[in-house]
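Engineer: Next up is a structure, given as structure tokens.
The values are calculated or read from the model by the stated rules, or taken from the named source; none is laboratory data. Just so you know, these numbers come straight off a predicted model, no measurement behind them. All Cβ positions, even for glycine, are placed from backbone atoms using ideal geometry, and neighbour counts span all protein chains on display. Side chains are part of the model used for accessible areas, which takes the heavy atoms of the whole protein and leaves out ligands, DNA and RNA. Shrake-Rupley method; radii C 1.70, N 1.55, O 1.52, S 1.80 Å.
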Amino acid sequence: MLPLQGITVVELGQNLAGPYASEILGLLGAQVVKIERPEGDDARGWGPPFHAGTATTFHAINRNKRSIALDLKDRAAVEWLRGFLKGADIFVQNMRPGSLEAMGLGAEAVRALNPRLIYCSLHAFGAAGPLALKPGYEPIVQAFAGMFSVNGSMEAPPARVGMQVLDLGTGVWAALGCLAALQRRHLTGEGATVDTSLFETGLGWMGQHFAGYFETGRQPPRHRSGNPKLIVFQAFDTADGEIVVAAANDRLFAKFAAVLGRPEWGADPRFRTNKDRIAHREILLPLLEAAMLTRGSEDWAAALEAAGVPCSPIHDLAAVAAHPQTEALGMVVAAPDAPKGIGLPVSFDRARPPVERGAPALGEANAEFGAPVPKAR
């Protein structure tokens, strides 16, 4: 039995963050009913690539759901949704700020109808403050939250993180907030209003950087592959590619130096501790870079792993998908008539929650749930 069986989730979501939050809940066993505009979630068209006419992005974050198409400009559709929410456990929404309040579907109004409801909103910049009504997409909020400023190399312009780390991260926080609210409801009988945002997620991911900034007042330097507070903790060019080495403490650095054929570096007063290595990075890094160029990536990986030094070649997606570790974990999953995807990154009693259905066709569940069918425009 999955943990959320018997829980009903209604999603009025679009794009990525809200839909990912409800997909997590659906993969954990909840019944998720996705409410879409008559033309569908914008993400249905976010391709190529497409599978069966729908973007693979949409397929990836809308599994284990049913779809109801509603025209919320029609008062009858709004009233149907208000009635449907009376029987729901969780409502997840990431619509344009203020739009649901104007329709009588804001948190206060809906929770008055169903005091046990957990009303979860995902915002761009937060539920309060001068930017509460400001919309925002992933790269905008990454830039605003300071993430660009610490990403990339010092020799290049600041860069965004190359995946939807805020959209998906905010989806995780939303799902976690809903689970915590369910636990509180179990104790008190009361629902809750849960709020999170891309901006808050960005600040959370930047917590270590801000801790350093608050102490020193200095902007942390960027690093292409590593961490400016640790040496050795980065990628190196080898004779035939790149490899990431994480000799992240003094013992591992000494082992790394021994594999390089320079065991004396582990005892060198310039390099003995991380503080020493940071202070003498302009001397040490060229020495390490030159040594790493003398052998190929696989050769270095074998030698470093044998010595207990964490390392990895830089894989592309094909290599990751084909790796025995990926297969052993059962992370690549697919439902009938759906494209392959990545499973939920958690398991229960050594079993990963199954994907029982792929992303739904637009409006495929209107008749089943008695929802009004949008009029043709």
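Engineer: Could you please find all residues in region 285-294 being closer than 14 Å to Phe256 by Cβ and either open to solvent by 70 Å² or more (accessible area, probe 1.4 Å) or modelled with pLDDT under 95 (or both)? I'd like the intermediate steps shown before the answer.
Structural biologist: Residues of region 285-294 that are closer than 14 Å to Phe256 by Cβ, as a first pass: 285, 287-289, 291-292.
Residues satisfying the conditions are Leu285, Glu289.
Engineer: Condition (residue is at pLDDT 95 or above, surrounded by 14 or more Cβ atoms within 10 Å (Cβ to Cβ) and part of a loop (DSSP other than H, G, I, E, B)) applied to region 250-267: is it met by at least one residue?
Structural biologist: Yes, some residue in region 250-267 is at pLDDT 95 or above, surrounded by 14 or more Cβ atoms within 10 Å (Cβ to Cβ) and part of a loop (DSSP other than H, G, I, E, B).
Engineer: Using the structure shown, decide if Gly171 is in contact with a strand residue (DSSP E or B) (Cβ under 8 Å, 6 or more places away or on another chain) and part of a helix (DSSP H, G or I).
Structural biologist: yes
Engineer: Looking at region 121-144 only, could you name the residues that are of a type in the set (A, V, I, L, M), crowded, with 21+ Cβ neighbours inside 10 Å and in a loop (DSSP other than H, G, I, E, B)? Can you show your working first?
Structural biologist: First pass over region 121-144, keeping only residues of a type in the set (A, V, I, L, M): 122, 124, 127-128, 131-133, 140-141, 143.
Add one more test, that the residue is crowded, with 21+ Cβ neighbours inside 10 Å, and what stays is 122, 124, 141.
Answer for region 121-144, where residues must be of a type in the set (A, V, I, L, M), crowded, with 21+ Cβ neighbours inside 10 Å and in a loop (DSSP other than H, G, I, E, B): just Ala124.
Engineer: Does Ile90 qualify as being buried (at least 24 other Cβ atoms within 10 Å of the Cβ), farther than 23 Å from Leu113 by Cβ and under 23 Å from the mean Cα position of the chain (by Cα)?
Structural biologist: In short, no.
Engineer: So, Thr196, is that one part of a helix (DSSP H, G or I), of a type in the set (S, T, N, Q), buried (at least 20 other Cβ atoms within 10 Å of the Cβ) and within 27 Å of the chain's Cα centre (by Cα) or not?
Structural biologist: Taking the combined requirement at face value, the residue does not satisfy it.
Engineer: Let me ask something else about it. Filter region 199-222 for residues that are small (Gly, Ala, Ser) and open to solvent by less than 30 Å² (accessible area, probe 1.4 Å); which is modelled with the lowest pLDDT?
Structural biologist: Gly212
Engineer: Among the numbered criteria (1) within 20 Å of Thr170 (Cβ to Cβ); (2) part of a helix (DSSP H, G or I); (3) in contact (Cβ under 8 Å) with a residue 60 or more places away in the chain; (4) open to solvent by 10 Å² or more (accessible area, probe 1.4 Å), which one does Asn15 miss?
Structural biologist: It fails just one condition, (2).
Engineer: Can you spot a residue in region 98-116 that is farther than 27 Å from Ile7 by Cβ and either in contact (Cβ under 8 Å) with a residue 12 or more places away in the chain or assigned to a helix (DSSP H, G or I) (or both)?
Structural biologist: yes
Engineer: What are the residues in region 325-363 that are modelled with pLDDT of 90 or more, closer than 18 Å to Phe50 by Cβ and part of a loop (DSSP other than H, G, I, E, B), if any?
Structural biologist: Of everything in region 325-363, those that are modelled with pLDDT of 90 or more, closer than 18 Å to Phe50 by Cβ and part of a loop (DSSP other than H, G, I, E, B) turn out to be Pro339, Lys340, Gly358, Ala359, Pro360, Ala361, Leu362.
Engineer: Still on this structure, please answer the following. Cβ-Cβ distance below 9 Å, separation of 6 or more or different chains: which pairs start in region 282-307 with a residue that is of a type in the set (Lys, Arg) and end on one that is part of a loop (DSSP other than H, G, I, E, B)?
Structural biologist: Partner pairs satisfying both residue conditions: Arg295/Thr238; Arg295/Ala239; Arg295/Asp240.
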